[in-house]
Every structure is written in C-alpha cells, then in structure tokens.
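I have placed the structure first, in the form of structure tokens, so that the comments after it can refer back to it.
The values are calculated or read from the model by the stated rules, or taken from the named source; none is laboratory data. Being a predicted model, the structure only gives us computed values, none of them experimental. Virtual Cβ from ideal backbone geometry, glycine too; neighbours counted across all protein chains shown. We work out accessible area using only protein heavy atoms, side chains counted, and drop any ligands, DNA or RNA first. Shrake-Rupley method; radii C 1.70, N 1.55, O 1.52, S 1.80 Å.
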Amino acid sequence: MRKLAAGNWKMNGLRADGVALAKELAARAAREKIASEILICPPATLLFPVAAVLDASGIALGAQNCHAEQKGAHTGEIGAAMLRDVGCTYVILGHSERRAEQGESDAVVCAKVEAARAAGLSAIVCIGETLAERDAGHTLAVVERQLQGSLPTGLNPAELVIAYEPVWAIGTGRTPTADQVAEVHRHIRRLLATRVAEPAAVRILYGGSVKPANAKELMSIPNVDGALVGGASLVAEDFWAIVKACG
Ligand code: PGA
C-alpha cells in the first residue's frame, strides 16, 4: 500500500507564506522521486492559491472540514462540492480540535463523511483518546466507539482514510510507544471489517507530534500507512523529511 504523508496546516498561514511553502514542496516533488502520496491541507482561505501552485505537481490538496450539506443557508460554512470544485480531493473530518472546540459528535462527523463521499472527496476521519481515557484503560473502547459512530456503512477503500491521533500527543511533543501505536492500529484494522468491504485497503495514518526524528520508527510499525502532520508540516524541510520517511 502506498503510504500517505498529509500536512494539516490548521489555522496557520497568510497568502504569502502559504504560497511560498506550497511552491517549495512542489519544487522538491519535481526534483525527487517520492514513493508516498503527498497531501497538504491548508486553511480554507489558501485553498485557491495553493491549488494553483500544486497544479501538475503530483501533490494532492485537502481541506480541514466541510459541512454536512452541499449548499444552502449555512452562513460561514463550506460544502464538500465547493472543496472539490476548488481542487481538493481529500477533507479531514472529526479532528479532535473540532470535536473539542466545535463539539462535533460522531453523528455529525458521520454525516460529513457522507457529504464528502457524495462530492467525490476522500474523508480522513480522525479518532483518538484523551490522556484520561488512556490512563483509565479505555483507549480501544474509545477508538471503537468513535470509529463505529463516525463511519457510514458501504464506503469503498478509496473514499476513506483513518487517522489515529491520541489527543494527548497532538502538539505536545509526546508520542505513544511503538507497541501502543501497533495495538491501536491493529484494533482499527479489525474494526474496519464491519464498515468496509476491503479493510486491508484502507490507509490508517498515525498523527500526533510526528517529527523528522521519530517519523521513520512510526512509519515502520505494522498497519501504519502514513502520517497526519500538524506543526512539522509548516516547515518545508521538516515535512519533507517526514514525506521521505513514509517511503
Ligand atoms: P501535531 O498535530 O503534528 O502538531 O501534533 C497533528 C494533528 O493535529 O493533525
């Protein structure tokens, strides 16, 4: 399976820095042969200018959220079809920051995954436990509840990517041990059998403080099919090192 190296820029970047970063990545992609698939997910304001830079670079474009409806009276929202129209092929859904800050439930995420599918976007569905949940021994149960609640049935593997992101590892510099990552990814792979026809063909990314220094080890863990990268994706050199670690 071709690994996916995805950069989540979150709410970072004005036009000049976003375009410069995308240009630098496109230039590197043109110079070097990279085996993994590369994806960048800028904030919505940068999708259009970054799409123009990435054109024909082989780097895919994704958004960080969409609405459950394609259009209508939803002030301030963006529909999946609009994202597809501007050049996106992916959309991150159910990121823990949105689950916490916007109160997005599994049911809301599930409706958004349906909308993404209808618009022809692949959904990157984020799941992961808090530190309190891990300490209480509930990690696998939390991941199971989120996965079952956030995924509609009948998806095909190309329409779905899972990102396992322990909340306590995001932006903290802390990462789970290789054994902890392996245990959760193995569990997710098993659970996927209840949702998709070909669970082995769905990519399961690890996310949470992926850095150049730990990427190789994380990417060598069984059932880890790529990385969802926040902070390190804002620095071309660092993101590129992670892209290369993905193979
Ligand atoms: P981080 O963020 O790499 O900065 O920890 C990851 C994410 O939230 O997707």
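Some observations on this one:
- Region 93-169, dipole about Cα centre (Lys/Arg Cβ +1, Asp/Glu Cβ -1), debye to the nearest 20: 180 debye
- Summarising the amide proton neighbourhood of residue 160: residues at separation of 5 or more, or on other chains, whose placed amide H is nearer than 5 Å comprise 123.
- Intensity falloff of the chain expressed as log10 I(q)/I(0), Debye formula with alpha-carbon point scatterers, at q = 0.17 Å⁻¹: -1.33
- Highest-fluctuation residue, 172, 75, 45 considered, GNM on the chain with Cα pairs under 10 Å: 75
- Sorted largest first, extent of region 15-122 alpha carbons per principal axis (Å): 43, 27, 26
- Lysines with Cα under 21 Å of residue 216, excluding same-chain neighbours fewer than 8 positions away: 3, 33, 244
- Ordering 40, 25, 181 by the projection of their Cα atoms onto the charge dipole of the chain, which places +1 on the Cβ of Lys and Arg and -1 on the Cβ of Asp and Glu, puts 25 at the extreme positive end.
- Per residue solvent-accessible surface (Å²) - the chain, probe of 1.4 Å: 43 Å²
- Database remark: amide H of residue 93 closer than 5 angstrom to the amide H of 124, 125, 126 (H placed geometrically; neighbours at sequence offset of 5 or more, or on other chains; Pro and chain starts carry no H).
- Between 169, 132, 197, the Gaussian network model of the chain with springs among Cα atoms under 10 angstrom shows the greatest mean-square fluctuation at 132.
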